[in-house]
Amino acid sequence: MDFWRTTLAEVVLQDVTVGRDGELVGSVSLELGPGQVFVLLGPNGSGKSTLLQTLCGIISPLSGQVLIDGHPIGAMKHAERSRKVAWVPQEEFVDFGWTAREFAALGRAGLSDSVFETRTDQDATNAALALCDAEHLADRQMNELSGGERQRVRIARAVAQDAEILVLDEPASQLDISHVLAVLELIEKLSASGKTIIVTVHDVNQALRLNARWGFINKKRLEVFESLDEIHASDVLTRTYGAEFRVIDSQTVVAVSSCRTTGSK
């Protein structure tokens, strides 16, 4: 499949503080190399999406800088950034007049000198749909698809873009369990090809299934773990989510009681 590029990228966050109307997450320093998966976890409102958007160059950090292969992402032109980073937000406007294939093909925009779709573009789009288990949806209108089906097509668009870094904000949301597992397998497959994957996951057990590094946002700070053993040897789950957890096995935990004060506002 010669339509996929083989260049790889490194992501470096240098003392980055992010926020919109004030600091949400501060003093983040992190290096991610090709083929690595980084899973970002934290309660709602902790700044996960804001950190991802800062990493993509959508918003600027309050301080510090994000470097892609040594270059500040904020200084990159849009076309250059698109070749480096593909972004899948939790929600976005979708023109329901498009077919699933037409929507996925948007990931190819600006990747060649031709103003028309090339054979390489077509092949890459079809391959992306197949990878995301959405090939059978290609000719259906987006307004005919379920929320989960649309989500898979949106991920296919990012895969078709063939960026070196994929940033996904809760890509498994709205999916049934079989497709959740398919998304997790896809993340592993893309990382094995050398892609850098940065993803937020709402479900802790989904996060623990991935061969990854994990970052937990708690009290405006990011705490990074390199292994499941490190996570289970710490109290990071309790500190992050305000609940006691029972470990079933290395990839499965169950919240058994709240640590929050009953009746607190």
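Values quoted throughout were computed directly from the atomic coordinates according to the rules given, and no laboratory measurement underlies them. Just so you know, these numbers come straight off a predicted model, no measurement behind them. FYI the Cβ positions are ideal-geometry reconstructions off the backbone, even for glycines, and counts take in every protein chain you see.
Below, the figures for the structure above:
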item	result
Shape of segment 11-258, Cα gyration tensor, a/c cut at 1.5	oblate
Residues with amide H under 5 Å from that of Leu222, placed H, sequence gap 5 or more	Gly26
Relative contact order (percent, whole number), segment 11-258, Cα cutoff 8 Å, 6+ residue spacing	25 percent
Environment charge at Ala207 (Cβ cut-off 12 Å; Lys +1, Arg +1, Asp -1, Glu -1)	+1
Beta bridge orientation in the chain: antiparallel %, DSSP, nearest 5	60 percent
Residue order, fewest to most beta carbons within 10 Å, for Phe38, Phe93	Phe93, Phe38
Positive-end extreme of charge dipole, segment 52-136 - chosen from Cys56, Ala105, Ala128 (charges on Cβ)	Cys56
Cα-centred dipole magnitude for segment 150-259, charges only on beta-carbon of K, R (+1) and D, E (-1), debye, nearest 20	380 debye
Residue order, fewest to most beta carbons within 10 Å, for His78, His179	His78, His179
Sorted by Cβ density within 10 Å, fewest first, the residues Ile73, Ile248	Ile248, Ile73
Nearest 10 degrees, 0 to 90: helix 119-131 Cα axis against the chain principal axis	40 degrees
Computed magnitude of the charge dipole of segment 37-163 (debye, nearest 20; Cβ of K, R +1, Cβ of D, E -1)	400 debye
Inter-site label distance for Ser257 and His71 at 7 Å from Cα along Cβ, in nm	5.5 nm
Within the chain: Cβ-based charge dipole about Cα centre, in debye rounded to nearest 20 (Lys, Arg +1; Asp, Glu -1)	600 debye
³J(HN,Hα) computed for each position of segment 217-228 - Karplus, 6.51 cos²θ - 1.76 cosθ + 1.60, integer Hz, glycine/proline x	8, 8, 6, 6, 10, 9, 10, 9, 10, 9, 8, 5
On Cα atoms only, tilt of 147-161 relative to the major axis of the chain in degrees	70 degrees
Note, ³J(HN,Hα) from phi for segment 237-247, Karplus 6.51, -1.76, 1.60, rounded to Hz, x at Gly and Pro	5, 5, 5, 7, 10, x, 9, 7, 10, 9, 7
Ranked by how many other beta carbons lie within 10 Å on average, peptides 46-59, 22-35, 157-170 from highest	157-170, 46-59, 22-35
Given charges at Cβ of Lys, Arg, Asp, Glu: the chain dipole, positive-most of Leu181, Val236, Val247	Val236
Global form of segment 211-251, assessed from the alpha-carbon gyration tensor, a/c cut-off 1.5	oblate
Cα-projected label distance for Asn211 with Ser29, points at 7 Å along beta-carbon direction, nm	3.0 nm
